[in-house]
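Here is the structure we will look at.
The values are calculated or read from the model by the stated rules, or taken from the named source; none is laboratory data. The shown structure was predicted, so the numbers you read here are calculated from the model rather than taken from an experiment. Don't worry about glycine lacking a Cβ; one is built from the backbone with ideal geometry, like all the others, and counts go over all protein chains shown.
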Amino acid sequence: MDPGEGVRKDAVVADRTSPDEELMRALYEEHAGPLLAFVIRLVAGDRQRAEDVVQETLLRAWRNADQLRRATGSARPWLVTVARRIVIDGHRSRQARPQEVDPAPLELVPAADEIDRALRLMTISDALGDLTDAHREALIETYFKGRTVNEAALELGVPAGTIRSRVFYALRSMKLSLEERGVTA
């Protein structure tokens with residue numbers, strides 16, 4: 001490759017650089033360091049947040065490149081004002097939102113224990129097994145299937161008064177049976 005050929009390519013690339021790119025490069029080289037130092041003080045030493053603010057400031061400068069080109073004097077006052085406003089807006093938006101909560105403490109809270117529920121159901125099932133067939137049927141129809149006394153009476157083919165009596169004695173027997181198993185109501 002001819003050395004002169006490479007120079008010509010570089011010259012073509014340099015010619016393609018837009019005025020906005022040149023302005024941004026100059027702004028960054030001249031103002032990024034002091035702007036970062038200023039913003040770090042505004043955000044109480046949070047470097048990552050400060051870098052984000054500087055980046056947003058330079059992005060806004062790029063969007064307003066025409067305005068900056070027309071301005072006389074240094075662009076630093078404009079950049080400092082924009083950076084300060086970005087920090088203030090960030091502070092205000094954090095005040096408006098509820099504080100985020102760290103989920104780590106939630107991991108220490110015990111989840112609902114399905115073992116206790118399963119044991120409770122097994123105990124109830126055992127207590128139901130201690131009942132007479134007539135009492136168990138009346139209790140299952142009214143409490144577990146959610147039927148009224150009259151509906152349970154029709155289903156079982158007995159008078160409603162009999163269902164009420166069987167449910168009363170079934171509940172009393174269940175209570176005693178569960179107490180014997182260590183379950184209290």
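Figures for the structure shown
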| read-out | value |
| --- | --- |
| Whichever residue in the range 2-37 is over 17 Å from Arg63 (Cβ atoms) and outside any helix (DSSP H, G or I) and, among such residues, is modelled with the highest pLDDT | Thr17 |
| Residues of the range 20-46 that turn out to be charged (D, E, K, R) and surrounded by 13 or more Cβ atoms within 10 Å (Cβ to Cβ), as a count | 3 |
| Residue in the range 102-123 that is part of a helix (DSSP H, G or I) and β-branched (Val, Ile, Thr) present | yes |
| Set Arg92, Arg136: member being at pLDDT 80 or above and loosely packed, with under 12 Cβ neighbours inside 10 Å | Arg92 |
| Some residue of the range 153-171 being among the hydroxyl-bearing types (Ser, Thr, Tyr) and either part of a loop (DSSP other than H, G, I, E, B) or under 30 Å from Val39 (Cβ atoms) (or both) | no |
